[in-house]
Amino acid sequence: STADSPVAVETLDDVPEHVLRGLPEDVRLFPSAVDKTRLGVWATKSILKGKKFGPFVGDKKKRSQV
């Protein structure tokens, strides 16, 4: 049964180096609050509404791909 199958857990080792380098200041990757097998994006302090981050580095994905 699938309940006996080990669940792969995403770790920082799975994240490409350019993604880690491109994280804005005060933003970190930690286990997701929504899905404990995935990483989530967490702010280490409040981010003002309208704050812009960039430049974007990486591959854009459609909502259906993530």
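The values are calculated or read from the model by the stated rules, or taken from the named source; none is laboratory data. Just so you know, these numbers come straight off a predicted model, no measurement behind them. As a convention, Cβ positions derive from the backbone with ideal geometry for all residues, glycine included, and neighbour counts pool all protein chains shown. Keep in mind that these areas ignore ligands, DNA and RNA; they rest on the heavy atoms of the full protein, side chains included. Shrake-Rupley method; radii C 1.70, N 1.55, O 1.52, S 1.80 Å.
Tabulated data for the structure shown
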read-out	value
Loop-located trypsin sites (Lys or Arg not before Pro) in the chain, at most 16 other Cβ atoms within 10 Å (DSSP)	Lys36, Arg38, Lys45, Lys49, Lys51, Lys52, Lys60, Lys61, Lys62
Accessible area per residue, Å², the chain with all protein chains present, probe 1.4 Å	94 Å²
Dipole magnitude of the chain, debye to nearest 20 (Cβ charges: Lys/Arg +1, Asp/Glu -1, about Cα centre)	580 debye
Value of Rg to Rh for the chain (Rh from inverse mean 1/r over Cα pairs, i.e. Kirkwood)	1.03
Loop sites in the chain: chymotrypsin sites (Phe, Trp or Tyr not before Pro), DSSP, at most 12 other Cβ within 10 Å	Phe53, Phe56
Qualifying GluC sites (Glu not before Pro) in region 1-55, DSSP loop, other Cβ atoms within 10 Å at most 14	Glu25
